[in-house]
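Colleague: What follows is a single structure, and I will ask about it in a moment.
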Amino acid sequence: MTQKQKDVLQLVHSGQFNEALAALGQLESDLGWKDALELRVLRLLKHGDKALKLANKLYRKKISNKELLRFIALVFTEQNKLPTALKIYKNICDTKADTGLLLEYGIALSSNGDLDEAENLLRLGCQQQPTNVNFHSQLGRIYCRTGRVRQGIESYQRAAFLEPKKAQHLQRLAYWSNYSSAYTQQSNFQLARLWAKKAYPEHQTGSNTWRDANPDKPLKIGFVSGDFCAHAVSFFITPLLQNIDRKSFQVFAYSDVAKPDAITKEIKALCDSWHDASGQSDELLGAQMGADQLDVLIDLSGHSANNRLGIFSQHIAPIQISWLGYPSTTGLDSINFRITDNIADPQGDQRDYFTEELIRLENSFLCYQPHKDAPAVKAISKNLKKPIRFGSFNNLAKISSTTLDAWAAALLAVPKSTLYVKRQQLINDNAKEHLITEFSKRGISEKRLILKTSKAKIQDHLDEYNNIDIALDTSPYNGTTTTLEALWMGTPIISLSGETHASRVSASILNQLKLEDLVVTTIEDFAQVATSLSKDTKRLKQLSKSLRNDMQNSTLLDHQQFTQQFCSAIQEKWKLWCHARNKEQGIDTNEKILGSSEKSHGVTA
């Protein structure tokens with residue numbers, strides 16, 4: 001190695017990436033060491049477009065250097081050029097490859113949806129290097145995605161044991177515990193608190209960006225999400241942004257979407273200020289938010305992947321809120337409030353399981369905007385003389401042991417009925433075999449199961465509800481978008497309600513449609529309702545015809561009313577904060593600002 005090469009490596013090892021990149025520019029391409037290191041530095045600098053451009057250029061030269069090909073494949077994986085990445089990995093990777101290469105190949109396969117192959121490769125990596133936490137965490141993710149949450153949690157627990165100082169393993173456990181029948185609201189809370197204390201032991205209680213405690217001013221409100229795209233979040237955030245009073249609120253959005261799409265463009269057009277935060281560090285994004293002088297900051301992700309809770313730990317805005325994208329507590333003291341409703345989180349001891357103060361909106365904690373191209377409900381095609389077909393298009397991770405028990409009970413209670421489960425992960429044999437095996441344990445033959453992959457187009461996906469008579473919900477993690485989609489397509493849904501927010505979301509939705517009788521609390525009642533509804537062909541036909549219209553006339557689609565309740569709740573909290581802040585600083589505050597009760601805004605604490 002030459003002295004110049006040693007100097008460049010020293011710059012990289014010391015974190016001087018820009019300087020290293022400049023020094024690399026002075027070296028000639030060698031289709032080996034120099035180009036591999038340049039790709040590495042571009043990745044470290046999060047210059048994805050530049051890394052992809054260089055990777056494409058090098059790949060076209062049909063190089064044979066395995067180390068360089070490995071970095072090229074890594075860039076292609078990160079930039080979603082998966083077919084080419086997998087082609088490279090297949091050529092350079094074998095069972096004797098080093099564990100790092102096996103891991104990268106496994107991640108690429110997993111990202112491409114080839115979960116069976118990825119699982120086999122990652123298992124091999126675990127055998128070769130059982131203390132490598134990356135193999136355990138990646139396997140955990142695959143297990144959960146294919147409906148084997150118990151195994152997934154065990155893998156994450158192993159990773160947490162091997163790396164007790166790393167907070168991210170606790171965060172994955174907190175996230176996936178919402179899907180497991182073995183976890184309670186208390187245990188989920190404890191996991192979130194353990195994560196918060198490990199990840200951010202010193203939450204800020206105030207920020208130097210807090211300036212103006214004026215109770216009557218228009219508020220700067222920021223929304224943070226990595227899902228401002230063709231994602232379920234768009235069905236709920238869009239109607240709110242469309243109806244916010246711009247005289248009272250200025251809307252800021254901080255988007256962490258790596259690959260923007262047409263929906264991203266639509267949401268961006270609804271905001272007063274848009275900041276692309278993809279690839280940006282928490283430090284830089286926090287500085288941007290501080291410069292924007294936000295009054296209210298709302299997190300839409302919780303502990304979901306690629307979240308920005310690190311920003312919220314800094315307490316950038318005086319009022320910080322968790323809403324929509326996550327069904328439990330964040331565990332952060334620096335997030336003041338969580339928006340919910342009286343069904344999803346009824347009054348009582350639930351306050352002991354949240355670090356946030358609960359703001360309960362009068363009707364529902366969400367409003368829904370159905371897909372504009374949703375197909376018509378084909379009520380006539382539902383031939384109820386045939387055996388009843390139950391169905392669920394929920395995430396496979398939500399099909400817990402409790403869900404399997406409830407669904408099996410419904411199938412046993414309704415002779416000759418079948419169950420249609422549709423999800424893209426069912427293209428993988430391991431996912432299908434898991435469901436078949438679990439139902440067999442409960443006395444349900446494979447012949448009564450219809451297991452299919454998802455349709456590519458949303459219209460085709462929604463049209464599949466026309467092939468279902470009754471939808472069955474999941475528990476302890478209910479459907480949200482899937483529940484609303486089923487109802488919009490004229491398909492009633494039976495839901496098993498539990499003790500957590502995640503297990504009461506469908507109850508909240510069905511309550512708005514006066515369908516409380518479809519919500520039960522025991523598996524016995526689940527089977528009984530499935531039986532009675534299956535026999536009530538008159539009601540099934542009536543629901544098929546009326547549900548879409550019922551939704552249109554319900555609070556679920558009353559976007560203006562929801563926005564008014566949402567914004568009034570925030571304004572009330574802002575006024576209370578201003579009063580307390582000014583009182584601390586010895587400034588007189590007009591007590592009349594507190595005169596309007598929360599109840600008058602349709603809000604309960």
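Colleague: Just one of (1) loosely packed, with under 15 Cβ neighbours inside 10 Å; (2) within 19 Å of the chain's Cα centre (by Cα) trips up A192, so point out which.
Modeller: The single condition A192 does not satisfy is (1).
Colleague: Mind counting the residues in the stretch 182-211 that are touching a Gly at 6+ places or on another chain (Cβ under 9 Å), closer than 22 Å to Y326 by Cα and in a loop (DSSP other than H, G, I, E, B)?
Modeller: 1
Colleague: Pairs, please: C-beta under 6 Å, at least 6 apart or cross-chain, first residue in contact (Cβ under 8 Å) with a residue 40 or more places away in the chain and in the stretch 114-140, second assigned to a helix (DSSP H, G or I) and of a type in the set (D, E)?
Modeller: Final answer for the pair search is D116/D429.
Colleague: Hey, can you tell me all the residues within the stretch 93-111 that are buried (at least 19 other Cβ atoms within 10 Å of the Cβ) and assigned to a helix (DSSP H, G or I)?
Modeller: Scanning the stretch 93-111 gives L101, L102, L103, E104, Y105, G106, I107, A108, L109, S110.
Colleague: Confirm whether A22 is within 25 Å of Q79 (Cβ to Cβ), surrounded by 18 or more Cβ atoms within 10 Å (Cβ to Cβ) and among the small types (G, A, S).
Modeller: Criteria not met by A22.
Colleague: Then there's this: List pairs: first in the stretch 29-58 and assigned to a helix (DSSP H, G or I), second among the hydroxyl-bearing types (S, T, Y), Cβ under 7 Å, 6+ apart or cross-chain?
Modeller: Pairs found: D35/S29.
Colleague: Here's something else I'd like to know. If you go through the stretch 269-286, how many residues are surrounded by 15 or more Cβ atoms within 10 Å (Cβ to Cβ) and part of a helix (DSSP H, G or I)?
Modeller: 3
Colleague: For the stretch 485-506, name all the residues that are outside any loop (DSSP other than H, G, I, E, B) and surrounded by 24 or more Cβ atoms within 10 Å (Cβ to Cβ).
Modeller: E485, A486, L487, I493, I494, S495, L496, V505, S506
Colleague: On to the next question. Does A192 satisfy the condition of being outside the structural domain of N430 (by TED's automatic domain parsing), farther than 30 Å from S497 by Cβ and small (G, A, S)?
Modeller: Working: outside the structural domain of N430 (by TED's automatic domain parsing): yes; farther than 30 Å from S497 by Cβ: no; small (G, A, S): yes.
Judged against the criteria, A192 is not a match.
Colleague: In the stretch 506-516, what residues are in contact (Cβ under 8 Å) with a residue 12 or more places away in the chain and touching a helix residue (DSSP H, G or I) at 6+ places or on another chain (Cβ under 7 Å)?
Modeller: Within the stretch 506-516, S506, I509, L510, Q512, L513 qualify.
Colleague: So which strands (runs of 3 or more DSSP E) are wholly in the stretch 296-378 and hold at least 3 residues that are surrounded by 19 or more Cβ atoms within 10 Å (Cβ to Cβ) and not hydrophobic (A, V, I, L, M, F, W, C)?
Modeller: Numbers: elements: 296-299, 319-322, 337-341, 357-361.
Fully inside the stretch 296-378 and qualifying: 337-341.
Colleague: Select from the stretch 455-468 the residues that are assigned to a loop (DSSP other than H, G, I, E, B) and buried (at least 24 other Cβ atoms within 10 Å of the Cβ) and list them in ascending order.
Modeller: I468
A quick yes/no check of all residues on (1) at pLDDT below 95; (2) within 21 Å of Y465 (Cα to Cα):
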residue: S497; (1), (2): no, no
residue: L513; (1), (2): no, yes
residue: V519; (1), (2): no, yes
residue: E524; (1), (2): no, no
residue: M551; (1), (2): no, yes
residue: A605; (1), (2): yes, no
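Colleague: Is it the case, given these coordinates, that E67 is of a type outside the set (G, A, S), in a helix (DSSP H, G or I) and within 23 Å of C126 (Cβ to Cβ)?
Modeller: When the stated conditions are applied, E67 does not pass them.
The values are calculated or read from the model by the stated rules, or taken from the named source; none is laboratory data. This one's a predicted model, so the numbers in the text were calculated from it and none came from an experiment. Backbone-built Cβ (ideal geometry, glycine too); neighbour counts: all protein chains shown.
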